[in-house]
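In what follows, a structure is listed as structure tokens, so that the remarks can point back to it.
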């Protein structure tokens, strides 16, 4: 199978289950952001990630492929019956992971700036890409074009990535980078 099809040369792409849309269609934009998020998780995994975080990130990458498939498949099409679904257990597992990781972290007393170790910085980058993907999904949610589960998954994932970034720093002895705002009038 050739990697290039030339079918997108005119600025359109095919959705799973049929139909063509412009490449800047809101649905394509949303699953493109999810694809970028998945790539940032792959980058994060390449940066000396602790084994338990790496395993969780791999699982999340698999789940993000499902999220992308859901976004690429219009609801009500025959193809929609043949793609996997986002499972509520995935969100529950993220919440459980967040709760578990928070037990090993010092209490937050300030806003945290992205940074610290390479692994933490990469996870913060993934978190911001996740938030952008979530923003791209919101219009689709509002218009009833995708399942509410997509928004819940991405919202919880960004929380998890924030906590994982803190854990990555904590485990290598790098303190959170606190935001200490300048006092007004200085």
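With respect to the chain, whose longest principal axis is taken over its alpha-carbon atoms, helix 148-171 is tilted by about 30°. Measure off 7 Å from each Cα along the Cα-to-Cβ vector at residue 96 and residue 148, then give the distance between these two points in nanometres to one decimal. In this crude label model, residue 96 to residue 148 measures out at 2.3 nm.
For residue 54 and residue 107, what does the FRET efficiency come to when R0 = 22 Å and r is the distance between their Cβ atoms, rounded to the nearest 0.05? It would help to have the intermediate numbers written out before the result.
Numbers: r = 26 Å, r/R0 = 1.19.
Efficiency, from the Cβ-Cβ distance: 0.25.
In the chain, the longest principal axis of the Cα atoms and the axis of helix 88-102 are about 10 degrees apart. In this simple spin-label approximation, residue 180 and residue 77 carry label points 7 Å from Cα along the Cα→Cβ vector, and these lie 5.4 nm apart.
Per-residue Cβ neighbour counts within 10 Å put 73, 66 in the sequence 66, 73, beginning with the fewest. Entry note, the chain: relative contact order of 26 percent, from Cα contacts under 8 Å with a spacing of 6+ residues.
Helix 51-71 axis versus longest C-alpha principal axis of the chain: approximately 30°, rounded to the nearest ten. The fewest-to-most ranking of 98, 180, 112 by surrounding Cβ atoms within 10 Å reads 180, 98, 112. Once the Kirkwood radius over Cα pairs is known for region 65-168, the Stokes-Einstein relation at 25 °C and 0.890 mPa s delivers a diffusion coefficient of 163 µm²/s.
Note on the chain: Cα convex hull, mean projected area over all directions, 14.1 nm². Fewest neighbouring Cβ atoms within 10 Å first, the residues 148, 124 line up as 148, 124.
No value in this document is a laboratory result; all are computed from the given coordinates. Because the structure is predicted, anything quoted here is derived from the model rather than measured. FYI the Cβ positions are ideal-geometry reconstructions off the backbone, even for glycines, and counts take in every protein chain you see.
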